[in-house]
1. Restricting to strands (runs of 3 or more DSSP E) lying wholly in the stretch 428-538: which have 1 or more residues that are of a type in the set (S, T, N, Q)?
2. Residue check: is GLU393 surrounded by fewer than 16 Cβ atoms within 10 Å (Cβ to Cβ) and farther than 24 Å from ASN170 by Cα?
3. Just for helices (runs of 4 or more DSSP H) wholly inside the stretch 1-95: which have at least 3 residues that are under 25 Å from SER402 (Cβ atoms) and modelled with pLDDT under 95?
4. What's the total number of residues in the stretch 373-405 that are in contact (Cβ under 8 Å) with a residue 24 or more places away in the chain, among the charged types (D, E, K, R) and more than 18 Å from TYR468 (Cα to Cα)?
5. Within the stretch 495-520, restricting attention to residues that are polar (S, T, N, Q) and touching a helix residue (DSSP H, G or I) at 6+ places or on another chain (Cβ under 6 Å), which residue is farthest from TYR384 (Cα to Cα)?
6. Please enumerate the residues belonging to the stretch 253-287 that are in a loop (DSSP other than H, G, I, E, B), surrounded by fewer than 15 Cβ atoms within 10 Å (Cβ to Cβ) and modelled with pLDDT under 80.
7. Does at least one position in the stretch 297-309 carry a residue that is of a type outside the set (D, E, K, R), over 26 Å from GLN383 (Cβ atoms) and not in a helix (DSSP H, G or I)?
8. Given the conditions (1) of a type outside the set (S, T, N, Q); (2) farther than 14 Å from GLU393 by Cβ; (3) surrounded by fewer than 23 Cβ atoms within 10 Å (Cβ to Cβ), and given that PRO461 satisfies all but one, which numbered condition is not satisfied?
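The values are calculated or read from the model by the stated rules, or taken from the named source; none is laboratory data. As the structure is a prediction and not an experimental result, all values here were calculated from the model. In this analysis, Cβ positions are derived from the backbone assuming ideal geometry, glycine residues included, and neighbour counts consider all displayed protein chains.
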Amino acid sequence: MPTMDSLPSAEQFSTIEMHPRNIVASLLAIVISFSYLRSVTKKTGLERFPGPWYAPYTALHLRWLFARGTIHEYVEKMHKQYGDVIRLGPRQLWISDKGAMKQILLTIDLPKVTMYAEISRDRKSPGLFGEIRPVPHRNLKKFLSPAFTVSSVDKLDTFFKACTSILLSNYYTEVDKAIAQDAKSNPNGDFETDLMRDLHCLALDIMGESSFGKGFGQIDKIFDPSKLLSGRDKRWSKIPDAIFNGQAKRYGLVFVKRFLRRMGYEWEVDWPKEMTSAICELVDERAAAQGGHENKKRIDVLQHMLDEGARPDTGERMSNQDIIDQMSELLLAGSETTSGTMACLFVELARTPAALEKLLASLPVLGPNDPILDSKTVRTDPQYRYLEACLKENLRMNPIASELGRRTTDQGHNINGNEIPPYTIVSASYRALHRDERYWPQAERFWPERWLEGEEREDAPEPDLDAYFPFSNGRHNCIGQNFAYAEMRTVSANLLSRFALEEAGYQQIQLRQFITMQFHDGKWRVVLKPRWKDAAKA
């Protein structure tokens with residue numbers, strides 16, 4: 001046991017070199033101690049809800065998991081262990097009961113948590129995703145909704161088809177290369193590609209063409225990086241990487257922004273420079289061309305904002321910065337949703353051979369000279385009903401987002417018999433609900449027959465639509481769901497009508513949850529097999 005004489009003096013202590021890890025550990029210990037003392041001295045009203053032992057004391061683990069994009073894995077594990085309504089932090093509940101979910105999203109319609117506003121550049125002027133104030137959110141959604149109706153999205157089919165055609169043209173070239181390299185052992189021209197990368201590039205170009213009137217030049221470069229846009233367009237072509245690489249940063253900095261605000265310092269985290277400068281340039285070009293005879297107005301979201309855009313909180317005309325903020329958020333959410341969800345669809349099909357075989361048999365066999373299918377045809381033609389069932393089943397297993405954070409107000413609420421105190425974060429666990437055996441028998445099975453009718457359903461259980469929220473629900477539901485469905489229909493129908501696929505060896509896929517679900521490393525390799533070659537032999 002050390003004596004007083006053996007302890008360092010103040011002078012000696014000042015010369016001791018503190019290792020950075022020791023400093024971090026010390027600060028962490030102080031924070032945990034403070035959280036513990038606060039938890040035992042201040043009751044929150046959540047004491048009766050089950051959860052891990054440390055939940056009442058700290059939310060540091062939740063912040064860490066949010067910043068890493070792995071919160072969904074932890075939440076699903078906790079639901080399996082503790083039930084439908086669980087406590088994971090001092091004031092944090094997660095709910096996966098379908099009755100409670102309906103109340104959260106529709107009946108009571110709890111407001112969104114403030115974190116969504118923090119993801120925006122300026123929390124006082126966020127986009128639709130980040131807008132948590134009721135009146136501005138209603139105004140902004142009313143303004144944007146006409147651009148995302150079924151009829152409006154149908155008018156964008158030209159852009160969907162054009163971008164899909166470019167991707168397929170690249171694939172046809174790869175088929176010819178494969179045959180030329182080894183016609184004897186590979187007469188059909190099977191080839192390998194990174195399908196996750198391809199779908200991400202395709203979704204970005206579709207979003208660029210349909211919302212900005214200008215693609216990002218991503219599809220052309222997937223097999224030949226030298227085809228990157230040059231000159232002024234080079235900056236525009238860098239936007240996708242800026243989006244993908246910037247998501248983790250934005251989520252991780254949410255908590256830093258909050259901490260600094262408590263210290264009296266406001267810090268805005270701007271969108272990536274490559275993104276804002278390119279959009280700003282396009283906005284200036286459009287604005288300068290207004291009224292000129294050479295200006296042929298496009299019907300897209302950007303032009304809608306330039307013509308009629310007003311701030312949802314003040315009613316004042318949107319500035320260039322306002323438009324950049326809105327379009328940046330729209331671009332981020334619009335491209336990430338569909339690419340990740342489409343990739344999950346192809347993974348489920350590749351790993352469920354019976355469903356893939358049945359789907360391919362239901363689709364026409366098309367080749368390089370056949371026209372591109374449009375989303376309206378896929379939506380309305382009975383021939384594509386099994387593809388529609390596959391899309392719905394994929395959205396059950398892999399919803400656009402794993403959860404949505406809501407919060408109680410200063411009054412608190414009774415949610416499905418549970419008294420939730422004021423100022424409590426109540427997160428809706430979509431993914432856990434969609435994989436709950438009580439509502440979805442054999443929940444981990446990709447079973448498209450659930451969504452068919454009559455004898456075509458075979459022995460599959462009927463879908464429980466009260467336990468199905470792929471695009472959320474209520475006034476905070478995803479405004480782009482018609483757009484997402486149209487894109488998924490166009491891409492999947494055209495790709496699978498021309499190519500069969502198989503996974504290029506089993507690959508471990510880890511999903512990350514930021515704004516939407518995405519593959520952690522953005523990669524998934526498959527072998528594509530031209531269907532028209534086999535049809536010609538038959």
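1. Because the criterion is at least 1 residues that are of a type in the set (S, T, N, Q), the strands (runs of 3 or more DSSP E) in the stretch 428-538 that meet it are 511-513, 517-519.
2. Values: surrounded by fewer than 16 Cβ atoms within 10 Å (Cβ to Cβ): no; farther than 24 Å from ASN170 by Cα: yes.
In short, no.
3. Numbers: elements: 10-14, 20-41, 60-68, 71-82.
Answer list for the stretch 1-95: 60-68, 71-82.
4. Number of matching residues: 4.
5. Within the stretch 495-520, the first condition is being polar (S, T, N, Q), and the residues that meet it are 497, 507-508, 510, 513, 516, 518.
Now restrict to residues that are touching a helix residue (DSSP H, G or I) at 6+ places or on another chain (Cβ under 6 Å): 513, 516, 518.
On the way: GLN513: 31, THR516: 27, GLN518: 26 Å.
Here the answer is GLN513.
6. GLU266, TRP267, GLU268, ASP270, listed by residue number.
7. Yes, the stretch 297-309 has at least one match.
8. (2) is the only condition that PRO461 fails.
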